[in-house]
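The next block holds one structure in the form of structure tokens; read it before the comments.
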Amino acid sequence: MFSKEKFIVSTSAVYIGESFKSILESLDIYENLKLHSVFHNVINLDTDFGLLSVVTSKIGHMGVYVEIQEFCDEGFLYLGIDKTNGCLYTGYSLEFNNKLNIDLRNARLWRGTLDSGFRWKLNELKRDNVSVLKAALNIYAKKNSAFQRLYKQREAYFAEAFENLNFNNAEKLSSAVKGLIGLGPGLTPTGDDFLTGFLAVFNSCGDYIYNRKVLNNLIFKNLDRTNYISSSMLKNAANNLYHEYIQNLIYTVICGSVEEIINALKVLVGVGATSGSDLACGIYTGFLKALELIGRQGENIAH
């Protein structure tokens, strides 16, 4: 139910991400949060811990999201919220200066598959499932996305980055990260989406990966090469925090059927103009590199 007594819209949160809840609990009661940006289905709040987002159900779930029901076709833009409004945390609600009130008390806690502790093992990765993912990307990846540019058009820049994503060579990893972060236009450039998908594969792996820590540290060191919203996404990725669509695709490649892999991919590629396809390309590339690691381990055993 929506009320218009004190606020233009007063409603309750449906879901709250585990990280969002944890960060709120660390704040003082009646603390003001800075408002970073407002979009049709997203309000971004700037905190010392990174961006937190209030979203509608169209956006899906993530550990740093709180989700409310949609209240009009114009979404948050209808409310006229801007940076001067700010956001007051009362201990049980978020208040946007007579514009929007969100009661948090009955929100269900959301934890994704990876958030809940799922970790895959290298020996569980099925080459056939990676082939299914590639075949699906051939059909569903958006035009001009990273998958098209790397695996179909074979652009030299992407091909070089692919070769440099080498866990046996920290110098090459550094070159790849510097070349990819900030590559492309938009709130989340192609290179950043690609790296986020790639990180999701290796950060969710339960086996020891040589130089994985180096890769994550390189992400932190190069965040100034992209915009703030995208750097927040990469920072989350380096901390193993991802959108549910990313988590679902990784889980289905490890544990799912052909149909489940295709369905999870179709949901992810529906995000943004090319963002979902770029994220999926990073995931596919990560699994390809994982297969290479498995091959090297087999060679070492044979010798």
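More than 20 Å from Val201 (Cβ to Cβ) and over 18 Å from the mean Cα position of the chain (by Cα): does that describe Asn85? Considered against the rule, which asks whether it is more than 20 Å from Val201 (Cβ to Cβ) and over 18 Å from the mean Cα position of the chain (by Cα), Asn85 comes out as yes.
The set of residues in the stretch 28-70 being of a type in the set (A, V, I, L, M, F, W, C), in contact with a Phe, Trp or Tyr (Cβ under 8 Å, 6 or more places away or on another chain) and open to solvent by 40 Å² or more (accessible area, probe 1.4 Å) consists of Ile29, Phe39, Ile59. Contact annotation: residue pairs with Cβ atoms under 7 Å, 6 or more positions apart or on different chains, pairing a residue in the stretch 267-293 that is more than 18 Å from Arg149 (Cβ to Cβ) with a partner that is β-branched (Val, Ile, Thr) and modelled with pLDDT of 95 or more, are Phe287/Val130; Phe287/Val201; Phe287/Val253; Ala290/Val201; Leu291/Val130. The single condition among (1) part of a helix (DSSP H, G or I); (2) of a type outside the set (A, V, I, L, M); (3) open to solvent by 30 Å² or more (accessible area, probe 1.4 Å) that Thr196 does not meet is (3).
For the stretch 270-283, give me each residue that is open to solvent by 10 Å² or more (accessible area, probe 1.4 Å) and assigned to a helix (DSSP H, G or I). So that I can check it myself, show each step before the final result.
Quick first cut of the stretch 270-283, residues open to solvent by 10 Å² or more (accessible area, probe 1.4 Å) only: 270-275, 279.
Once the filter is applied, which keeps residues that are open to solvent by 10 Å² or more (accessible area, probe 1.4 Å) and assigned to a helix (DSSP H, G or I), the stretch 270-283 yields Ser275, Leu279.
From the list Asn240, Asn236, Asn227, Asn211, exactly one residue is open to solvent by 20 Å² or more (accessible area, probe 1.4 Å), polar (S, T, N, Q) and over 18 Å from the mean Cα position of the chain (by Cα). Which is it? Full working, then the answer.
Values: Asn240 fails: over 18 Å from the mean Cα position of the chain (by Cα); Asn236 fails: over 18 Å from the mean Cα position of the chain (by Cα); Asn227 fails: over 18 Å from the mean Cα position of the chain (by Cα).
Among Asn240, Asn236, Asn227, Asn211, only Asn211 is open to solvent by 20 Å² or more (accessible area, probe 1.4 Å), polar (S, T, N, Q) and over 18 Å from the mean Cα position of the chain (by Cα).
All conditions in (1) within 22 Å of Leu187 (Cβ to Cβ); (2) crowded, with 20+ Cβ neighbours inside 10 Å; (3) among the β-branched types (Val, Ile, Thr) hold for Val253, with the sole exception of (1).
The values are calculated or read from the model by the stated rules, or taken from the named source; none is laboratory data. None of the values given here were measured: they were computed from a predicted structure. As a convention, Cβ positions derive from the backbone with ideal geometry for all residues, glycine included, and neighbour counts pool all protein chains shown. Just so you know, the surface numbers come from the protein's heavy atoms only, side chains and all, with ligands and any DNA or RNA stripped out. Shrake-Rupley method; radii C 1.70, N 1.55, O 1.52, S 1.80 Å.
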